[in-house]
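The values are calculated or read from the model by the stated rules, or taken from the named source; none is laboratory data. None of these values were measured; they are calculated from a predicted model. Virtual Cβ from ideal backbone geometry, glycine too; neighbours counted across all protein chains shown.
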Amino acid sequence: MLDVRLIRSDQESVRTGIARRGEDPAVIDRVADLDTRLRELTAKRDALRAEVRSISNEVGRLFREGNRDEAAGLQAESKALGEEESELDRTAGELSSELRELLLRIPNLPAEECPDGSSEADNVVLRTHGAEPASYGDAQRVPHWDVAEDLGILDVQRAVKLSGSMFVMYRGAGAQLVRALCQLALDRNSDIYEEVRPPTLVRTDTMVATGHLPKFVDEAYQIERDDLWAIPTAEVPLTSLGRDEILDEDSLPRRFCAHTSCFRREAGSAGKDTRGLLRVHEFDKVEILAYCRPGDAPDLHAEILSRAESLIADLGLSYRVLDLCAGDLGASSRRTFDIEVYAPGVDDWLEVSSVSWFGDYQARRANLRYRPDGGKGTDVLHTLNGSALAVPRVWAALVEVNRREDGSVTVPEVLRPYMRGTEVITP
């Protein structure tokens, strides 16, 4: 969440940042008003609390000296002040909760370098790599769902029977391809990223820490009986690994990598891109994430992007890198680079990775802190993350790009060791 002290000291710049996102900056005025009222109320409560303590000490002295009547009078005064202090404390608690709930719903401020714009149409294409879209032949212009059905490697019909719409089931070489992609992504990042297999179900405060709650409650799967949530990405548990802990500066940066199933309701996408693998409720993804000192964030952001980009390049896919505009950023992000691959069968650029720097926004929610070497106190960490590889759309693009005239699909060379040497997927 935003640092309320920043709102106190530089309210206008915060309003400007929120407006760049297309949000109403009046919400910052509301935060400032609540914060002022809370601080005034807290000061008054604390003054009353100190007065009650002083009177209590005086009552004790009077009783010891035998001045019971005077002591009794002061006791009555202390009781009245105590009741007033309790009422102020109750009101302060309500204001504090209201302020926190408001801050939890306010998005992060875009970085200064983030392009201005209101929607995905304003995102900036930084670079494009690989074949031009027009260069793909007729054999590659078949949608992946048709290719996969002919090969028997994707069984949507039975998945719907088992679980409902927008669930899919990979079979045979299709399932092997899923596993191969995930293992490749893990192996490519295991040199400096610690592999973690976190729980797939997490508590509410773990979802709140990344900003997925309360803002995106409609997109999440909840198990109400146990107050648990199915994770939409491994970013959620990885971010909270160090929650409420204080890390030593010399242990930074901390890098983590995880392969998990991910679950998203896609509640806002009814009727949009629902065929094949373009939008599904459950999918596999390998995520890489880092904690760092603020000054190290730019280099780590570039590192994560480079790793995600090189993996897509080695799979032989044409891709482009986008710098997301302020109006298209995720709520928690300060700056995001997206990687999109071209899928000739659907004739579209498909987002396969988002690489984001969150500043201290998530770290404040998760209470992620570090102790500077030789310094006093603690500082707030910065968090970054990226999709090393998200399976569905990469799988779809690979099947379309590598389809041959006879309907078979060539397996990229880099994946063959993970697929028991399979070079071509045939019916």
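Points to keep in mind about this one:
- If only residues of the range 45-55 that are exposed (fewer than 15 other Cβ atoms within 10 Å of the Cβ) and not acidic (Asp, Glu) are counted, the one that is farthest from the chain's Cα centre (by Cα) is SER54.
- Test: residue in the range 350-367 that is over 30 Å from GLY295 (Cα atoms) and assigned by TED's automatic domain parsing to the domain that holds ILE304: yes
- Filtered residues of the range 130-176 (kept if closer than 30 Å to LEU329 by Cβ, loosely packed, with under 14 Cβ neighbours inside 10 Å and within 29 Å of the chain's Cα centre (by Cα)): SER165
For every residue, the table says whether it meets (1) without any contact (Cβ under 8 Å) to a residue 40 or more places away in the chain; (2) over 24 Å from THR210 (Cα atoms); (3) not assigned by TED's automatic domain parsing to the domain that holds PRO294.
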residue	(1), (2), (3)
GLY17	no, no, yes
GLU23	no, no, yes
ARG30	no, no, yes
LYS44	no, yes, yes
SER54	yes, yes, yes
GLU65	yes, yes, yes
ALA72	yes, yes, yes
ALA80	yes, yes, yes
GLU83	yes, yes, yes
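- Qualifying residue in the range 230-247 (condition: modelled with pLDDT under 95, within 21 Å of THR200 (Cβ to Cβ) and of a type in the set (Gly, Ala, Ser)): no
- Remark: pairs (first residue in the range 409-424, without any contact (Cβ under 8 Å) to a residue 12 or more places away in the chain; second residue among the β-branched types (Val, Ile, Thr); Cβ separation under 7 Å; 6+ apart in sequence or on different chains) = ARG416/THR422.
- Some residue of the range 336-349 being in contact with a helix residue (DSSP H, G or I) (Cβ under 9 Å, 6 or more places away or on another chain), under 22 Å from PRO214 (Cα atoms) and in the same structural domain as ILE246 (by TED's automatic domain parsing): yes
- Of all residues in the range 112-131, those satisfying the criterion of being touching a residue at least 40 places away in the same chain (Cβ under 8 Å), in a loop (DSSP other than H, G, I, E, B) and either over 21 Å from ALA326 (Cβ atoms) or not hydrophobic (A, V, I, L, M, F, W, C) (or both) are GLU113, PRO115, ASP116, GLY117, SER118, SER119, ASN123, GLY130, ALA131.
- Within the set LEU177, LEU109, LEU88, the sole residue that is touching a residue at least 12 places away in the same chain (Cβ under 8 Å) and not in a helix (DSSP H, G or I) turns out to be LEU109.
- Total residues in the range 396-418, condition in contact with a strand residue (DSSP E or B) (Cβ under 9 Å, 6 or more places away or on another chain), part of a helix (DSSP H, G or I) and over 11 Å from ILE312 (Cα atoms): 4
- Only listed residue being surrounded by fewer than 16 Cβ atoms within 10 Å (Cβ to Cβ) and without any contact (Cβ under 8 Å) to a residue 24 or more places away in the chain, chosen from ILE192, ILE223: ILE223
- Matching residues in the range 336-385 - criterion: being in a loop (DSSP other than H, G, I, E, B), over 20 Å from the mean Cα position of the chain (by Cα) and not small (Gly, Ala, Ser): PRO344, VAL346, ASP347, PRO372, ASP373, LYS376, THR378
- Taken over the range 346-396, the criterion of being touching a residue at least 40 places away in the same chain (Cβ under 8 Å), more than 19 Å from ALA326 (Cα to Cα) and charged (D, E, K, R) is satisfied by ASP347, ARG364, ARG365, ARG369, ARG371, ASP373, ASP379, ARG393.
- Enumeration of residues in the range 24-44 that are exposed (fewer than 13 other Cβ atoms within 10 Å of the Cβ) and not in a helix (DSSP H, G or I): ASP24
- The range 399-427, subset polar (S, T, N, Q) and in contact with a Ser or Thr (Cβ under 6 Å, 6 or more places away or on another chain), residue surrounded by the fewest Cβ atoms within 10 Å (Cβ to Cβ): THR426
- Boolean, PRO298 is more than 23 Å from HIS212 (Cα to Cα) and either buried (at least 21 other Cβ atoms within 10 Å of the Cβ) or more than 17 Å from the chain's Cα centre (by Cα) (or both): yes
Here is a yes/no grid of residues against (1) within 30 Å of ARG100 (Cβ to Cβ); (2) out of contact with any strand residue (DSSP E or B) (no Cβ under 6 Å at 6 or more places or on another chain); (3) among the small types (Gly, Ala, Ser); (4) not assigned by TED's automatic domain parsing to the domain that holds GLU400:
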position: GLY152; (1), (2), (3), (4): no, yes, yes, no
position: GLY164; (1), (2), (3), (4): no, yes, yes, no
position: PRO199; (1), (2), (3), (4): yes, yes, no, no
position: THR210; (1), (2), (3), (4): yes, yes, no, no
position: GLN222; (1), (2), (3), (4): yes, no, no, no
position: ARG225; (1), (2), (3), (4): yes, yes, no, no
